[in-house]
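*Asks:* Have a look at this one.
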Amino acid sequence: MKTLKLNFTIPEEVAEALKTRVSKRKRSAFVAVAVLDKLKELEQEQLRQALMEGYQARREEDT
């Protein structure tokens, strides 16, 4: 898999927690997995929202 180097800002407390809990050589992989997990969660929430809106629209059409 191709990789890219990104720069971003996070709160100091989060950075310190990451440094103390995850070894330096494993941080990139840890962050990548965490971001993927959050993206999947967001995708599921968007799908849930779209389904709810669809159900509500259908309900209004049926009445």
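*Asks:* Would you calculate, for the chain, the mean residue ellipticity at 222 nm contributed by helices, counting each DSSP H stretch of 4 or more residues as -39,500 (n - 2.57) and dividing by all residues, to the nearest 500? Let's see the in-between values first.
*Replies:* Details: 2 runs with 46 residues, N = 63.
-25500 deg cm²/dmol, from helical runs alone.
*Asks:* Is the C-alpha gyration tensor of the chain telling us rounded, prolate or oblate? Criteria: a/c under 1.5 is rounded; beyond that, a/b larger than b/c is prolate, otherwise oblate.
*Replies:* The shape class here is prolate.
*Asks:* Follow-up. Calculate the spin-label point distance for Arg27 paired with Leu42, positioning each point 7 Å from the Cα along the beta-carbon direction, and give it in nanometres.
*Replies:* 2.2 nm
*Asks:* Ignoring ligands, DNA and RNA, please state the percent of accessible area on the chain from carbon and sulfur, probe 1.4 Å.
*Replies:* Here it works out to 56 percent.
*Asks:* May I ask you to give the solvent-accessible area per residue for the chain, in square angstrom, as obtained with a 1.4 angstrom probe?
*Replies:* Numbers: 6620 Å² over 63 residues.
Each residue of the chain exposes 105 Å² on average to a 1.4 Å probe.
*Asks:* Still on this structure, please answer the following. Rounded to the nearest 10 degrees, what's the angle between the helix 27-62 long axis and the longest principal axis of the chain, both from Cα atoms, 0 to 90?
*Replies:* Helix 27-62 and the main axis of the chain meet at about 10 degrees.
The values are calculated or read from the model by the stated rules, or taken from the named source; none is laboratory data. Not measured: the values here are computed from a predicted model. Note: ideal-geometry Cβ built from the backbone for every residue, glycine included; neighbour counts use all protein chains shown. These area figures cover heavy atoms from the full protein model, side chains too; ligands, DNA and RNA do not enter into them. Shrake-Rupley method; radii C 1.70, N 1.55, O 1.52, S 1.80 Å.
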